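Each remark here refers to the structure printed beneath this line.
The values are calculated or read from the model by the stated rules, or taken from the named source; none is laboratory data. This is a predicted model, so every value here is computed, not measured. A quick note on method: Cβ atoms are made from the backbone with ideal geometry, for glycine too, and the neighbour counts reach across all protein chains shown. Calculation scope for accessible area: heavy atoms of the full protein, side chains included, ligands and nucleic acids excluded. Shrake-Rupley method; radii C 1.70, N 1.55, O 1.52, S 1.80 Å.
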Amino acid sequence: MIHFIHGIHVNDPYQSVGTLEPYFNMKGFGTKVHNYGYAWATGTRFSNPKRAKILGSFVNPNDIIVGHSNGATLAWMIANQQPIRGIVLINPALDDDAKFDKQLEFIDVYYNHTDSAVPWASLLQFNHPWGDMGHEGYTGMDNRVTNIDCCNGYGAMLPCVDGHSAIFHGQNLEPWANFMVNRCVDHLSRT
């Protein structure tokens, strides 16, 4: 099962991370697009632990979570509180050197240097997990993490993604969605 978790300032997850669902369905994956409601940045730090607990109750150990922005932070929180197979983080609002639970098999990080939404999050203090991974990529040492720079066209095979949510729109959606699906298929075939 693939679980999709949206970010803040989203009324309809089918206008962001939910746009990926049909591509995963076409490959035979069961899917669930979660909607935790419209969220403001200011209260998210305090609301996220409860959101992660609720969303985690839908997730099983062999599942994969695809999260965008704050949804990537929630995916990380869920993965650190219970076993899941892997996580796909799209423009994550997460510290760029975040620590991942040892039980995860894979972590794919989709980022681009033109993401202007997450860099300010790195200024938050006091053990807040938000950061600028969506802008910088993952900078830690975990070899399960694959950084995918969406602005370099991933070897000129794919269109350059320019911005925080641009992967879900226009000419970017179909090629990048298919790329993500195929990476998940490859991850699952290795185990």
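How large is the Rg to Rh ratio of the range 70-120 when both quantities use alpha carbon positions and Rh follows Kirkwood? Working shown, then result.
Values: Rg = 11.0 Å, Rh = 11.4 Å.
Taking Rh as the inverse mean 1/r over Cα pairs, Rg/Rh reads 0.97.
Return the calculated 222 nm mean residue ellipticity for the chain, to the nearest 500 deg cm²/dmol, obtained by summing -39500 (n - 2.57) across DSSP H runs with n ≥ 4 and dividing by the residue count. List each step's numbers first, then the result.
Numbers: 6 runs with 60 residues, N = 191.
Taken over the chain, the calculation gives -9000 deg cm²/dmol.
Using a 1.4 angstrom probe and counting only protein chains, how large is the accessible area of Lys27 in Å², to 10?
For Lys27, the solvent-accessible surface is approximately 120 Å².
Using a cut-off of 21 Å between alpha-carbon atoms, which lysines can reach Lys53, once sequence neighbours fewer than 8 places away in the same chain are excluded?
Lys32, Lys99, Lys102
Accessible area per residue for the chain in Å², computed with a 1.4 Å probe and the full protein assembly in place, what is it? Kindly include the intermediate steps, with their values, before the conclusion.
Details: 8660 Å² over 191 residues.
Averaged over the residues of the chain, the accessible area is 45 Å².
Taking 0.36 nm per intervening residue step and subtracting the Cα-Cα distance, what contour gain separates Asp186 from Met141 on full extension? Don't skip to the answer; put the middle values down first.
Details: separation 45, 0.36 × 45 = 16.20 nm, distance 2.22 nm.
Gain on extension, Asp186 to Met141, equals 14.0 nm.
How long is the gain from Phe46 to Cys160 if the chain were fully straight, where each residue apart is worth 0.36 nm and the alpha carbon distance is subtracted? Each step should come with its number before you reach the end.
On the way: separation 114, 0.36 × 114 = 41.04 nm, distance 3.44 nm.
Residue separation times 0.36 nm, minus the Cα-Cα distance, leaves 37.6 nm.
Can you give me the pair-distance distribution of the chain, C-alpha pairs, 10 Å bins, whole percents?
Final binned percentages: 10, 42, 40, 9, 0.
Please give, to one decimal in nm, the separation of the simple spin-label points placed at Glu105 and Glu174, each 7 Å out from Cα toward the Cβ.
Calculated label separation equals 3.0 nm.
Plugging the Kirkwood radius over Cα pairs into Stokes-Einstein for the range 20-97, at a temperature of 37 °C and a viscosity of 0.692 mPa s, what D comes out in µm²/s?
Numbers: Rh = 13.1 Å.
Using the Kirkwood radius from Cα pairs, D works out to 251 µm²/s.
Which value, in debye to the nearest 20, describes the size of the charge dipole of the chain about its Cα centre when Lys and Arg Cβ atoms bear +1, Asp and Glu Cβ atoms bear -1, and nothing else is charged?
Charge dipole, the chain, about its Cα centre: 660 debye, nearest 20.
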